[in-house]
1. Only one of these is more than 14 Å from chain A (Cβ to nearest Cβ), closer than 29 Å to B:R193 by Cβ and either touching a residue at least 24 places away in the same chain (Cβ under 8 Å) or assigned to a strand (DSSP E or B) (or both): B:A62, B:A12. Name it.
2. Name the pairs whose Cβ atoms lie under 7 Å apart, with the first residue in segment A:238-266 and in contact (Cβ under 8 Å) with a residue 60 or more places away in the chain, the second part of a helix (DSSP H, G or I) and of a type in the set (A, V, I, L, M), and 6 or more positions between them or separate chains?
3. Would you check if A:E123 is at positive phi and assigned to a loop (DSSP other than H, G, I, E, B)?
4. Can you name the residue in segment A:139-169 that is in contact with a Lys or Arg (Cβ under 9 Å, 6 or more places away or on another chain) and not in a loop (DSSP other than H, G, I, E, B) and is also farthest from A:K266 (Cα to Cα) among such residues?
5. Please pick out the residue among B:R193, B:R201, B:R242, B:R219 that is within 14 Å of another protein chain (Cβ to nearest Cβ), within 27 Å of the chain's Cα centre (by Cα) and free of Cβ contacts under 8 Å to residues at least 24 places away in the same chain.
6. Specify the residue that is nearest to the other protein chains (Cβ to nearest Cβ); the eligible residues are those in segment A:83-102 that are in a loop (DSSP other than H, G, I, E, B) and among the aliphatic types (A, V, I, L, M).
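The values are calculated or read from the model by the stated rules, or taken from the named source; none is laboratory data. Here the structure is a predicted model, which is why all the values come from computation and not from measurement. Neighbour counts run over all protein chains shown; Cβ positions are idealised from the backbone, glycine included.
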Amino acid sequence: MVSFKDLPEEELFLAGSTACQGCPSSLALRMAFKALGKDTILLVVASCTSVLQGSYPLSAINLPLMNVAFATGGASASGVSAAVKALVKRGELAEEPNVLVWAGDGGTYDIGIQSLSGAAERETDFIYVCYNNEMYSNTGTQRSGATPLGAWTTTTPGGKAQHRKDIAQIMIAHRIPYVATVSLAYPLDFYQKMLKAKEIRGTKYIEMLAPCPPGWKFPSAQMIAVSRMAVQSGMWLLYEHEDGETRFTAATKRILEGKVKKRPVKDYLEIQGRFRQILSSPEGQQAEDMLEKEVSESIRRLQGWVPEYI
Amino acid sequence: MRVLESGNHLIALAANVAGVEVVPAYPITPQTQVIEMIADLIAEGKMDAEYIPVESEHSACAALVSASLTGVRAFSATSAHGLAYMHEMLHYAAGIRVPVVMVNVNRALGPGWNIWCDHQDSISQRDTGWLQVYVASHQEAVDTVIQAYRITEDHRVLMPLMLNMDAFVLSHTYMDADVPGREEVEAYLPPYRPLWKLDPRLPMTHGSVVYPVDFSETRQSMQIGQDNARQVVYEAADEFMRAFGRRHGDMVDGYKLEDAEHLIVAMGSLAAESRVAVDEMRAAGRAVGLLRVRFFRPFPIDELRSLCSGRSGLMVIDRDFSYGMEGALFSEVKAALYGHADVPSTNLIVGLGGRDVTYEQIREAADRAFRGEADEVTWGDSHITKAHEITREMLAEFDKLLSP
């Protein structure tokens with residue numbers, strides 16, 4: 001087990017970013033960089049992170065960084081991954097650096113899924129991190145394929161009528177060597193999963209729930225608390241998938257082992273503003289029930305991979 | 001080494017001797033043979049490159065850009081809808097200033113679906129920032145691939161280059177051509193030395209947000225790169241001539257220009273066809289010459305001004321059309337000459353969607369044009385007839401039947 005004492009002191013995410021208060025992406029970048037270190041090439045898919053890194057000629061990220069077009073996370077990683085192979089062959093680089101893609105849910109679930117899927121199928125050697133704030137936050141909070149049922153966005157003014165998709169399961173279906181979900185409320189779990197991804201060859205997909213204070217309408221100081229409640233209510237499940245098996249981790253594991261009681265989804269819906277409309281409407285109870293059902297279905301589907309928890 | 005190969009295969013062989021290191025590509029007719037041959041050369045151990053079989057052209061161009069920015073020589077090939085699908089990434093390549101080379105085998109854009117040659121695909125990408133060159137022979141295609149990297153990788157340029165080659169007329173016909181050896185080419189074209197790249201030893205941020213206060217400078221610097229290419233194109237051609245004893249590489253290619261009163265202006269293989277028309281018209285006593293535009297971007301402004309000045313007339317052939325206006329080359333030529341050389345000009349639109357264009361057609365159209373009998377824009381081989389109108393009338397009848 002790693003402890004906070006083991007985290008490197010060096011900061012590759014520098015002071016002076018233009019992120020909002022309580023931004024989950026910037027905290028996650030800091031953690032990810034500590035796990036991966038300096039020998040990393042970073043590709044940022046068009047998202048809040050393209051903006052929060054600072055604008056020309058300044059940058060708050062002390063890694064070689066290319067901002068890439070919205071639909072091109074997987075493809076851009078493919079180009080870099082092939083190029084570093086060629087550079088190692090040429091003797092220009094001693095070894096291949098980590099290739100890290102950093103994308104939001106819009107760039108992953110929606111416009112970027114083809115490119116990500118292609119790169120995964122080609123067994124491209126890179127780490128793909130999706131920081132999922134369940135909406136297009138950068139353009140001012142529109143719905144995405146990751147927006148949960150019932151959530152308000154500017155394009156779902158009455159609450160979203162459809163369920164979110166489960167893209168981590170889509171990535172598992174690509175037979176890639178490592179898929180994991182993480183939460184900022186469980187930073188050592190996150191850190192360890194990044195360390196593991198660094199050591200594995202092939203495509204690694206890591207997805208973090210990224211509660212967005214302005215988008216989800218909660219005070220910025222509550223970002224970690226909302227992250228924690230997402231896990232405690234089952235609305236965000238922590239696990240990793242490796243060698244054909246899924247293992248639950250951190251608080252999700254403790255809940256499923258019966259050591260901690262799962263909180264009702266309602267507790268999670270009530271500590272943020274984006275479910276206010278649906279909760280106060282006649283459909284409120286129905287939406288809540290449907291989300292509880294979504295959680296139990298997701299758990300059952302994941303348990304299908306892990307006989308020991310059945 | 002002399003080989004008997006198709007235009008597509010020659011492109012692949014040229015990319016190999018040019019020392020290409022990464023090739024992201026997606027199949028599309030009529031380009032597919034280029035990437036098939038590259039895949040074969042790599043599989044047989046004859047080419048030392050990474051092949052990325054991407055899942056779309058948008059991804060092909062994205063990987064092309066990111067591979068180049070990582071510091072390697074990157075190459076791809078596409079056509080028509082593939083090029084159109086890359087449109088966003090074409091801007092990206094130019095904006096982030098990567099010296100990549102891509103061959104576009106010119107093909108019509110559908111619908112109606114059509115795999116045959118015209119220039120609509122590349123003309124539609126005119127304003128993306130890519131250098132655009134149009135070749136007219138197999139040997140020129142080989143030599144231009146090699147020179148292309150000299151031009152784009154020159155630190156004064158650093159703009160991507162699109163080599164355009166006519167579908168089927170060049171891509172699928174077999175010709176004898178010389179493909180120089182890898183070592184000879186390396187002496188002419190040393191390994192790529194990037195001015196900037198993604199490198200953990202020198203972390204830099206590329207493609208970040210640029211506010212209005214800095215944006216115009218980034219755009220003007222792209223134009224400076226394009227402008228510098230005018231000079232670099234000639235340098236690359238001169239040195240190529242010294243190294244290989246052949247000259248393919250100027251901004252324009254003239255034929256029987258000296259005493260010509262009238263000029264045919266064209267690009268690609270239609271220009272080669274026009275040579276025969278010029279010979280025939282010369283034999284009939286008419287002082288006609290041919291000006292083949294090789295580089296469409298940067299546009300050969302100075303060359304056109306000096307070579308067209310004082311002529312009695314131009315006939316510009318377009319294998320493309322800018323809807324609501326006229327042929328794109330026609331517009332560009334007139335724009336270059338405006339205020340510098342007042343030459344009456346007409347436009348001939350022919351060969352769209354691969355319709356065969358013969359030298360006789362060109363000769364007849366030029367005869368009419370140079371006698372002053374041609375309209376400003378002539379659809380030279382289109383025959384809209386009463387049948388097209390009847391079809392419309394029939395459809396209108398159907399519409400009545402379907403209306404409640």
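1. B:A12
2. If the second residue must be part of a helix (DSSP H, G or I) and of a type in the set (A, V, I, L, M), the pairs left are A:Y239/A:L302; A:H241/A:I172; A:T246/A:L302; A:F248/A:L256; A:A251/A:V231.
3. Judged against the criteria, A:E123 is a match.
4. A:Q169
5. Every option except B:R219 fails the conditions.
6. Per the stated criteria, the residue is A:L93.
Yes or no, residue by residue, for (1) within 16 Å of B:E258 (Cβ to Cβ); (2) within 18 Å of the chain's Cα centre (by Cα); (3) surrounded by fewer than 20 Cβ atoms within 10 Å (Cβ to Cβ); (4) in the same structural domain as B:H340 (by TED's automatic domain parsing):
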| position | (1), (2), (3), (4) |
| --- | --- |
| B:V278 | yes, no, no, yes |
| B:R286 | yes, no, yes, yes |
| B:R292 | yes, yes, no, yes |
| B:V316 | no, yes, no, yes |
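Residue-wise test of (1) part of a loop (DSSP other than H, G, I, E, B); (2) farther than 18 Å from B:I349 by Cβ.
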site: B:A260; (1), (2): yes, yes
site: B:V265; (1), (2): no, no
site: B:R286; (1), (2): yes, yes
site: B:S306; (1), (2): no, yes
